Amino acid sequence: MSAPSSRGTLRRTPILFAICLFLVGSFAQVAGPAGINGPVTFENIERSSKISFVLDNSARGRKYQAETMAGGVAVFDYNNDGLLDIFFTNGALLPSMDKSDPLFYNRLYRNNGDGTFMDVTKESGVQGSFYAIGVATADYDNDGFPDLFVTGANGYQLYHNNGNGTFTDVTEKAGLGNVPPELKSSFSAAAGWFDYDNDGKLDLFVVNYLNWSPALDRVCEVKSLRSYCSPDSYAGLSNLLFHNNGDGTFTNVSDRSGISRYKGKGMGVAFADYDDDGFVDVFVSNDTFRNFLFHNNGNGTFTEVGLLSGVSYNRDGRSIAGMGVDFRDINNDGKPDIFETAMHGDTFPLYINLGGGFFEDATLSSKLHSVTMPLTSWGTGIFDFDNDGWKDIFMSNSAILDNAEEIEQLPYKQANTVLRNNHDGTFTDISASAGAAFKAPSSHRGAAFGDLNNDGRIDVVVNCLNTSPEIWMNRTQNGNHWLLVELLGTRSNRDGLGARLKLITAEGAQYNEATTSVGYGSSSDKRVHFGMNKSAAGQLEIRWPSGIIQVLKNVKADQILKVTEPM
């Protein structure tokens, strides 16, 4: 059957696409290299890193729906040695969903601290048994070791970190299998950890995508060519919320919380307390369906307020092919904003938090409209890559269809994008000056962010379909200062997720939130990063999820600061 789609076919003419590429490239060449603090530069160390992983999505010509969706990645310190390790999700043989071949193992690489990584997959026991899509990391049982939750096209798995370099699959033991049959084997694209009731224990939000399985897979064609079907070909699903009981088990509270009332086609999730009421809220990026913003009512229930708040649709009143998302303050006004990736022709919305529960689509005024029009992006992150005190934007790009050249006259493999924050509400594409290797196109998917070598600069790991991943070390040289804050909760959850941080220096105030849920199907460093520009010290205020406010004065720059929550 034929099913042309907003995700599968070009909605703008190839001529317009070419014009947009020309304009974006010209703008980057004129405005990018000059910049504010000199160029932001990255070096891909994949070849020297000893990482030999290749994500196999089992694309063998039949074009099963799951093939385009794989690619989550995580950076987290699984062995508490102070160095971020890397976890890659991987596919499975289709249509059988058999993952027993090592070609399809998920992979865990331990950071050796010298720019190389060691494959510890087998000894750690995280090979997986599902067609993996996304990953979420956090210490859900407050034992001091981060755990892994892996989403997939035919289920999900919770791995408990045993603290000795190994993990145990506790999915059923933890009660996560207590869901309706259609959701137990559902297509879950992403997940995230957050403490929605501020009881000091991290809860789990699972983002479900489509009611799909190999048995339900449809055959679709565009221009007489076999193609992946539109998400419109399948029914959407409700998401899941699991409450942490504090004894290693979880209770499915999707119904009582109100989360299950809304069916969407979720691909990304991010958390922030957007209205400053002390309770963390949830944004879900939906594919060809309106976005959800679940307001936390503080009593165990949520109200979906996306339409009222202005984040359900873009400025044209249309739903987009939403993919990745980040939810944090991008303009230093103390209110978390939302940036969402999508597909070419959509433009990627930047929702600026106006306060009072309302957002404004600033895509046009921020100059993101022309930059993002020709792109299809998956992973994204709002981080300060040049340490100037203003957060920038990273996007991992690639077309959805592996035969996009034939069907859409678009390149399948695309280069990544980095956008510099101009401090005035606008952004400049500086990808052209980010290093020669940065211009290399690939089949990018999920991206995870963190400081891999503890030098104060945010690095990026990007997973790619059927080719090597990218390990982008941030080599920016400008003399700017930085601060990494590692939180240790006592009354709050041990990771401090949901904590809101304010840093005041001689150059002003900036804000950030502790979270690992960033981008598309990926999980980033739990440590909170600040660029400090030329300031050598500042005052740090931490608002813990418990409600405790902690103030640290004369905090020196250029350090990893470990902060324990007062009892």
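The values are calculated or read from the model by the stated rules, or taken from the named source; none is laboratory data. These figures come from a predicted structure and were not determined experimentally. Backbone-built Cβ (ideal geometry, glycine too); neighbour counts: all protein chains shown. When the accessible area is computed, the model is the full protein with side chains, heavy atoms only, and any ligands, DNA or RNA have been set aside. Shrake-Rupley method; radii C 1.70, N 1.55, O 1.52, S 1.80 Å.
Could we say that N291 is open to solvent by less than 10 Å² (accessible area, probe 1.4 Å) and either at pLDDT below 95 or over 29 Å from N422 (Cα atoms) (or both) here?
no
Looking only at strands (runs of 3 or more DSSP E) that fall completely inside region 343-422, which ones have 2 or more residues that are over 26 Å from L465 (Cα atoms) and open to solvent by 10 Å² or more (accessible area, probe 1.4 Å)?
Per the criteria, 350-355, 358-361.
Within region 423-452, can you find the residues that are of a type in the set (S, T, N, Q) and farther than 17 Å from I471 by Cβ?
T426, T428, S431, S433, listed by residue number.
Can you tell me which residues in region 93-121 are over 20 Å from E46 (Cβ atoms), of a type in the set (A, V, I, L, M) and touching a residue at least 60 places away in the same chain (Cβ under 8 Å)?
Passing the criteria: L94, M97.
Please determine, by comparing only the residues of region 144-161 that are of a type in the set (G, A, S) and part of a strand (DSSP E or B), which one is modelled with the highest pLDDT.
G152
Scan region 496-516 and give yes if some residue there is in a loop (DSSP other than H, G, I, E, B), under 23 Å from G322 (Cα atoms) and open to solvent by 10 Å² or more (accessible area, probe 1.4 Å), otherwise no.
Checking region 496-516: at least one residue is in a loop (DSSP other than H, G, I, E, B), under 23 Å from G322 (Cα atoms) and open to solvent by 10 Å² or more (accessible area, probe 1.4 Å).
R47 passes all but one of (1) of a type in the set (D, E, K, R); (2) open to solvent by 40 Å² or more (accessible area, probe 1.4 Å); (3) at pLDDT below 95; which number fails?
Failing condition for R47: (3).
Please work out if S233 is in contact with a strand residue (DSSP E or B) (Cβ under 8 Å, 6 or more places away or on another chain) and among the polar types (S, T, N, Q).
Taking the combined requirement at face value, the residue satisfies it.
If a residue has to be outside any loop (DSSP other than H, G, I, E, B) and either among the hydroxyl-bearing types (S, T, Y) or over 24 Å from the mean Cα position of the chain (by Cα) (or both) to count, how many in region 83-106 make the cut?
Matching residues across region 83-106 total 4.
Looking only at region 205-227, filter to residues that are assigned to a loop (DSSP other than H, G, I, E, B) and open to solvent by less than 40 Å² (accessible area, probe 1.4 Å); which one of those is modelled with the highest pLDDT?
My answer is Y209.
Taking the criterion of being under 20 Å from S377 (Cα atoms) and among the acidic types (D, E), would at least one residue in region 66-81 satisfy it?
The answer is yes; a qualifying residue exists.
Can you name the residue in region 314-342 that is in a loop (DSSP other than H, G, I, E, B) and hydrophobic (A, V, I, L, M, F, W, C) and is also nearest to R500 (Cα to Cα) among such residues?
This residue is I330.
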